[in-house]
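Participant: Sending over a structure as structure tokens; questions will come in a sec.
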Amino acid sequence: MTTSVLPPMASAPAVTPRKARKRLRNKRAIALLILPFGVLFTAFYLIPVIYAVVESLQVIKRDGTFGKPRLEFGGLSQYFLVFQDSEFWGSILRVLAFGVVQVPVMLGLALLFALLLDSPLVKGKKFFRLAFFAPYAVPGVIAAIMWGYLYSPSLSPFSFVTSKVDLLDGGTVLWAIANVVTWVYVGYNMLIIYSALLAIPAELYEAARLDGASQVRIAWSIKIPLVAPAIVLTAVFSVIGTLQLITEPQVFKQFTSSITSTFTPNLLVYTTAAVPNLNLAAAFSVVLAITTFILSFAVLRLTQRRAAL
Amino acid sequence: MAIMGAFTLYFLLPIFWLLVSSTKTLGNFNSTFSLWFTPTSITDMGNNLVNLFTYNEGVFPRWMLNSIVYATVAGGIGTILAAMCGYALSKYDFPGRELIFNTVLGGVLVPATALALPLFLIFSQVQLTNTFWAVFLPSLVSPFGVYLSRIYAASSVPDEIIEAARIDGSGEIRTFFTVAVRLMSPALVTIFLFQFVSIWNNFFLPLVMLRDQTLFPVTLGLYTWNSQVSQIPDIRTLVIVGALVSIVPLLVAFLSLQRFWRNGLGAGSLK
């Protein structure tokens, strides 16, 4: 996309008055079309981001132990606290471990199902598409409540498993959550990849088929490279979703004590804000947002280079 | 086929379990086989539903209504606003266009939960926390919608048509609402569905913003009920039936709008 800058009105005497009016009218139209979103975006995205940054640069000072608290500019002092906070980095490492396992498993399954749906091997495509997508209609809170019961040692229909292994134990609860997230989002990601597959023109397969290429070969050499952009998109969204994990762990706290109040970065932010230590919580938020930004950008870069090969 | 069959069980069994469980009394829920119905299932489910809708002065239907209003009204308005912005970014050349687009694109990558806390602080300064607006207003903004609209407008609204409308004397705004919106309608349905789902599923923002039960969306409502299960065991039945009822509107929306989203979902990735 190229940006072409309009010449300033005053220095364009060649423009006829008629044309100038039209350009002015377009300006008004552009403003009318962009401003409503622009104002809301500024109010509820840009200003909160700036506000969080400003908050994170302040510290509360007191005159003596019982003095009145007042806010002062504290420079990066909150950030020093963030970087020394082992709970925070522990929670980041926890969701990263989660993401390294869960995201490839989920996207791998989504890709596999999308390819199967797109191949002549599977009958009843419409049914499978809907069945696999159905969990996406279940909000995260509800899904977590459902699985909370399904994991429970006594109430679960799979109590022959859950009464022997405590899936909500400290060591396994992270993977119990991973299963809930996978259950909800596989079908959704499958559909994104599947609709990209549908957009590939059929002629592309003809030549391969005439050359005697198998379905697997066609999938590997033609389909997967062509839907790579769709996979990148789902990967970026999955990474963002992983880092901001909060709903499922927050609900699982009701079922098990193995979820601490610092289990994920966002839980830690929430806990810190409730103390209340708003300035530190804001600093956590900013570092988390920047980490998310860097990671999703890295995924974008990494996968794009792969796709280009 | 075997793979597909096995995973169909994985995806549908939990929902089937929810359906079966919501037809049981608390006693049967604890004692009978949890993947099949009991002889009294139909009447028990009727009772459960009546209890669900009347418990605590009918707070559950109130939550459902809240969720529907948050998701449809904010999602609907948000979709139009995003479409207007995306269309303008695609069809007009003006200074700062790429800057605006890149800023919005950056917004796609900002995790929504990172915004919840600063939003709470800002809303509390203007005394708007614990109000309808605290959840409604932030839900209007969909940067991803702008991104999709721009791509869609570029590929589905030909410049010649806009030019023709201009020659016919149609104003720019009118051209957008009469010509462009129609051509972009598959994308608009997709954007609406995305936003509807994300508002319907939103949990963290209402959790941070709201104290008043009557303003809760259904997700937050069921969460608070589930936290009371140990004190009020009877409420467990309501949580289960409520969970089932709460997923019905989304299932209906998906099924009825199926032909739109089926082809639209991949839009963001096709470039």
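The values are calculated or read from the model by the stated rules, or taken from the named source; none is laboratory data. Predicted model, so just to flag it, every value in this text is computed and none were measured. So basically every Cβ, Gly included, is an ideal-geometry build from the backbone, and we count neighbours across all protein chains shown.
Participant: Here is a list: B:207, B:220. Which entry is at pLDDT below 95, in a helix (DSSP H, G or I) and among the hydrophobic types (A, V, I, L, M, F, W, C)?
Facilitator: Just a single option satisfies the conditions, and that option is B:207.
Participant: Next up: List pairs: first in segment B:231-260 and part of a loop (DSSP other than H, G, I, E, B), second surrounded by fewer than 22 Cβ atoms within 10 Å (Cβ to Cβ) and at pLDDT below 95, Cβ under 8 Å, 6+ apart or cross-chain?
Facilitator: B:233/B:26; B:234/B:26; B:257/B:189; B:257/B:193
Participant: Evaluate segment A:133-150: report whether one residue or more is surrounded by fewer than 20 Cβ atoms within 10 Å (Cβ to Cβ) and of a type in the set (Phe, Trp, Tyr).
Facilitator: No, because not a single residue in segment A:133-150 is surrounded by fewer than 20 Cβ atoms within 10 Å (Cβ to Cβ) and of a type in the set (Phe, Trp, Tyr).
Participant: While we're on this one: For segment A:216-225, which residues satisfy the criterion of being surrounded by 16 or more Cβ atoms within 10 Å (Cβ to Cβ) and either away from chain B (no Cβ under 14 Å) or of a type outside the set (D, E, K, R) (or both)?
Facilitator: A:218, A:219, A:222, A:224
Participant: From the list B:154, B:165, which residue is more than 30 Å from residue A:136 (Cβ to Cβ), part of a helix (DSSP H, G or I) and not basic (Lys, Arg)?
Facilitator: B:165
Participant: Can I ask one more? Identify, from the list A:131, A:144, the residue that is farther than 18 Å from residue A:105 by Cβ, at pLDDT 80 or above, more than 7 Å from every other protein chain (Cβ to nearest Cβ) and outside any loop (DSSP other than H, G, I, E, B).
Facilitator: Exactly one residue qualifies, and that residue is A:144.
Participant: Going by the structure shown, is residue A:88 within 16 Å of residue A:175 (Cα to Cα), surrounded by 18 or more Cβ atoms within 10 Å (Cβ to Cβ) and touching a residue at least 24 places away in the same chain (Cβ under 8 Å)?
Facilitator: no
Participant: A further question on this structure: Considering only residues that are of a type in the set (Val, Ile, Thr) and over 20 Å from residue B:206 (Cβ atoms), which ones fall in segment A:252-271?
Facilitator: Scanning segment A:252-271 gives A:256, A:259, A:260, A:262.
Participant: Taking the criterion of being over 25 Å from residue A:148 (Cβ atoms), more than 9 Å from chain B (Cβ to nearest Cβ) and in contact with a helix residue (DSSP H, G or I) (Cβ under 6 Å, 6 or more places away or on another chain), would at least one residue in segment A:254-276 satisfy it?
Facilitator: Within segment A:254-276, one or more residues are over 25 Å from residue A:148 (Cβ atoms), more than 9 Å from chain B (Cβ to nearest Cβ) and in contact with a helix residue (DSSP H, G or I) (Cβ under 6 Å, 6 or more places away or on another chain).
Participant: Going through B:93, B:168, B:159 one at a time, which residue ends up being in contact with a Ser or Thr (Cβ under 8 Å, 6 or more places away or on another chain), surrounded by fewer than 19 Cβ atoms within 10 Å (Cβ to Cβ) and farther than 27 Å from residue B:68 by Cβ?
Facilitator: Numbers: B:168 fails: in contact with a Ser or Thr (Cβ under 8 Å, 6 or more places away or on another chain); B:159 fails: in contact with a Ser or Thr (Cβ under 8 Å, 6 or more places away or on another chain).
After ruling out the rest, the residue left standing is B:93.
Participant: Follow-up question, since we're still on this one. For segment B:92-122, how many residues are at pLDDT 90 or above and aliphatic (A, V, I, L, M)?
Facilitator: Residues that pass the stated criteria total 5.
Participant: Touching a residue at least 60 places away in the same chain (Cβ under 8 Å) and more than 25 Å from residue A:185 (Cα to Cα) - does that describe any residue in segment A:201-214?
Facilitator: no
A quick yes/no check of all residues on (1) more than 30 Å from residue A:295 (Cα to Cα); (2) hydroxyl-bearing (Ser, Thr, Tyr); (3) modelled with pLDDT of 90 or more:
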| residue | (1), (2), (3) |
| --- | --- |
| A:210 | yes, no, no |
| A:222 | no, no, no |
| A:234 | no, yes, no |
| A:245 | no, no, yes |
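Participant: Is segment B:225-235 home to any residue that is surrounded by fewer than 15 Cβ atoms within 10 Å (Cβ to Cβ), of a type in the set (Val, Ile, Thr) and at pLDDT below 90?
Facilitator: Checked segment B:225-235: at least one residue is surrounded by fewer than 15 Cβ atoms within 10 Å (Cβ to Cβ), of a type in the set (Val, Ile, Thr) and at pLDDT below 90.
Here's the yes/no breakdown for (1) modelled with pLDDT of 90 or more; (2) within 27 Å of the chain's Cα centre (by Cα); (3) not assigned by TED's automatic domain parsing to the domain that holds residue A:262:
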| residue | (1), (2), (3) |
| --- | --- |
| A:26 | no, no, yes |
| A:40 | yes, yes, yes |
| A:65 | no, no, yes |
| A:86 | yes, yes, no |
| A:98 | yes, yes, no |
| A:111 | yes, yes, no |
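Participant: So how many residues does segment A:147-162 have that are among the aliphatic types (A, V, I, L, M) and either in a loop (DSSP other than H, G, I, E, B) or more than 8 Å from chain B (Cβ to nearest Cβ) (or both)?
Facilitator: So the count comes out to 2.
Participant: If you don't mind, another one. For segment A:47-99, give me the residue count where each residue is of a type outside the set (Ser, Thr, Tyr) and not in a helix (DSSP H, G or I).
Facilitator: Of the residues in that region, 20 qualify.
Participant: Additional query: Looking at A:205, A:194, A:188, which is the one that is in contact with a helix residue (DSSP H, G or I) (Cβ under 8 Å, 6 or more places away or on another chain), aromatic (Phe, Trp, Tyr) and surrounded by fewer than 17 Cβ atoms within 10 Å (Cβ to Cβ)?
Facilitator: A:205
Participant: Here's a follow-up. Mind checking whether some residue in segment A:159-172 is small (Gly, Ala, Ser) and within 21 Å of the chain's Cα centre (by Cα)?
Facilitator: No, there is no match, as no residue in segment A:159-172 is small (Gly, Ala, Ser) and within 21 Å of the chain's Cα centre (by Cα).
Participant: What helices (runs of 4 or more DSSP H) lie completely within segment A:169-221 and have 2 or more residues being within 28 Å of residue A:94 (Cα to Cα)?
Facilitator: A:173-198
Participant: In the list B:115, B:148, B:183, which residue meets the criterion of being closer than 30 Å to residue B:68 by Cα, touching a helix residue (DSSP H, G or I) at 6+ places or on another chain (Cβ under 6 Å) and surrounded by fewer than 21 Cβ atoms within 10 Å (Cβ to Cβ)?
Facilitator: B:183
Participant: Follow-up question, since we're still on this one. Which condition number in (1) of a type in the set (Phe, Trp, Tyr); (2) in a helix (DSSP H, G or I); (3) crowded, with 22+ Cβ neighbours inside 10 Å is the one that residue A:237 fails?
Facilitator: Answer for residue A:237: the failing condition is (3).
Participant: Given the criterion at the interface with chain A (Cβ under 9 Å from one of its Cβ atoms), under 29 Å from residue A:45 (Cα atoms) and β-branched (Val, Ile, Thr), identify the matching residue among B:239, B:197. Give the steps one after another, and end with the answer.
Facilitator: Working: B:239 fails: under 29 Å from residue A:45 (Cα atoms).
Only one candidate passes the filter, namely B:197.
Participant: While we're here: Scan segment A:228-245 residue by residue and report those that are over 30 Å from residue A:285 (Cβ atoms) and within 8 Å of chain B (Cβ to nearest Cβ).
Facilitator: Matches in segment A:228-245: A:229, A:230.
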